[in-house]
Amino acid sequence: MIASLTLPAPAKLNRMLHIVGRREDGYHSLQTLFQIIDLCDHITFTPRHDGEIHLTSEVSGVDHDDNLIVRAARLLQQYSGSHLGITLDVEKRLPMGGGLGGGSSNAATVLVGLNHIWQLGLSLNALAELGLQLGADVPVFVHGHTAWAEGVGEQLTPVTLDAPWFVIIHPGISVSTPSVFQDPQLTRDSRPITMARALQGGAPEWRNDCEAVVKKRYPPIAEALDWLGQYAPSRLTGTGACLFAAFQTQQAAQAIAHLSAKRWPTWVAHGLNTSPLHDDLGYFTKA
Ligand code: C5P
C-alpha cells in the first residue's frame, strides 16, 4: 500500500445558470455550464489498515462527522464493503459556501481518490451516483470534465469551452443557498434552451437566474458585481457569494485583480476543460 498521496480538488464556475422549473422534492431543475478552474484545495490521503476514517484538519464551523469529506469516505466504505481506512488532511484554499463548489469537489476527490487507493475498480458513473447523495454539485467533479448540466446538475454532457483567465471576487459575506432558492421573487421558469444554443454563449443566454434575488438580498454583492462589471461582464457563480469576470490574458486578469484586492479577497484562475485530479490519475490520456 502507498505511504500517502496528495490530490487536487478544483473549483468550478457556473458560466451561465438558468432555473427552468421546480421539482416536487423542492429542488430546482437547472441548466448550467460548469467550468472547472485551476484554483484547488489539496487533500492528502494516508491509508490505514484499521478501517477507521479520520480527517485531521479542522474545517471551521463544521463538525468532523458532518464534513462532506468524512461523509464521502464513509459512504464509499459502506458501499464497497472495504475494510481499509484512511487519514485525510485538507489544505483549504477555496472559500466555503462561495459558489465555487469547494465542499462538493472535496467530496468528489475523496470518492475518486479512495477508489484508486483502495483499488475498488468502480466506474466514474458509479462514483457519481454515490456522490449525488452528498450534493447536486458532486457528480461534475467526479466526472472531471467541464460540462453542460441539466436536472439538479447531475445530467452531464462533457463540453469544451474557451479557457479564459478569470478574476474571482468574494464580497466577504455568506449567502444562504436555500433562502435564495426559496425567495418568491426568484425566476424559476426560464425557457429550456438547447446545449448548442448555450454553447454559442453571449447575452442573453449567459446569465445567472439567481443574480437578481441575490443582488437585492445582499447589497455588497451587487456593489462588487457593478464594480467588476466596469471592466468585463460580471456574473455570480451558483448562488454566490463569489462573482467573476473572464479576460483573454493572464496579464489583463491580474491587472484587474490587483485593483480588486484592495477591497475584497480576490483570485485569478485559469479555465480548464479537464480536472487536474483526473489528469493526475491518468484519466482522459488515451483516446
Ligand atoms: O445540493 P446542495 O446541498 O448544494 O443544495 C443546497 C440547497 O439549495 C438545497 O437544500 C435546496 O434548497 C437548494 N437547491 C435547489 N435546487 C438545486 C440545488 C439546490 O433548490 N438544483
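Derivation of every value follows stated rules applied to the coordinates shown; laboratory data play no part. Everything numeric here is computed off the predicted structure, so don't read it as measured data. Methodologically, a virtual Cβ is constructed for each residue, glycine included, from the backbone with ideal geometry; neighbour enumeration extends over all protein chains shown.
Brief remarks follow.
- In the chain, lysine pairs with alpha-carbon atoms under 23 angstrom apart (chain gap of 8 or more, or interchain): 4
- Where only alpha carbons of the range 218-275 are counted, the Rg and the Dmax (Å): 11.5, 35
- For the range 232-287 and the range 72-123, distance of Cα centres in Å: 23
- For the chain, the Kirkwood hydrodynamic radius from C-alpha pairs, put into Stokes-Einstein at 4 °C and a viscosity of 1.567 mPa s, yields a diffusion coefficient of 67 µm² per second.
- For the range 165-272, the Kirkwood estimate of hydrodynamic radius, built from reciprocal distances between every pair of different alpha carbons, is 14.6 Å.
- Inter-part distance where the range 125-173 and the range 1-25 are each reduced to a Cα centre, Å: 4
- In Hz, Karplus ³J(HN,Hα) per residue of the range 255-263 (6.51, -1.76, 1.60; θ = phi - 60°; x = Gly, Pro): 5, 6, 4, 4, 5, 5, 5, 5, 10
- Integer Hz, Karplus 6.51/-1.76/1.60 couplings in order for the range 212-221, x for Gly and Pro: 4, 5, 5, 4, 5, 6, 10, x, x, 6
- Rounded to 10°, Cα long-axis angle of helix 68-80 versus longest principal axis of the chain: 50
- Cut-off 14 Å between beta-carbons: net charge of the residues surrounding residue 166, Lys and Arg +1, Asp and Glu -1: +1
- For the range 40-137, the square roots of the Cα gyration tensor eigenvalues, ordered a ≥ b ≥ c, give a/c of at least 1.5 with a/b no greater than b/c, which places it in the oblate category.
- Note, ³J(HN,Hα) from phi for the range 144-161, Karplus 6.51, -1.76, 1.60, rounded to Hz, x at Gly and Pro: x, 9, 3, 8, 8, 10, 10, x, 8, x, 9, 8, 10, 10, x, 9, 10, 9
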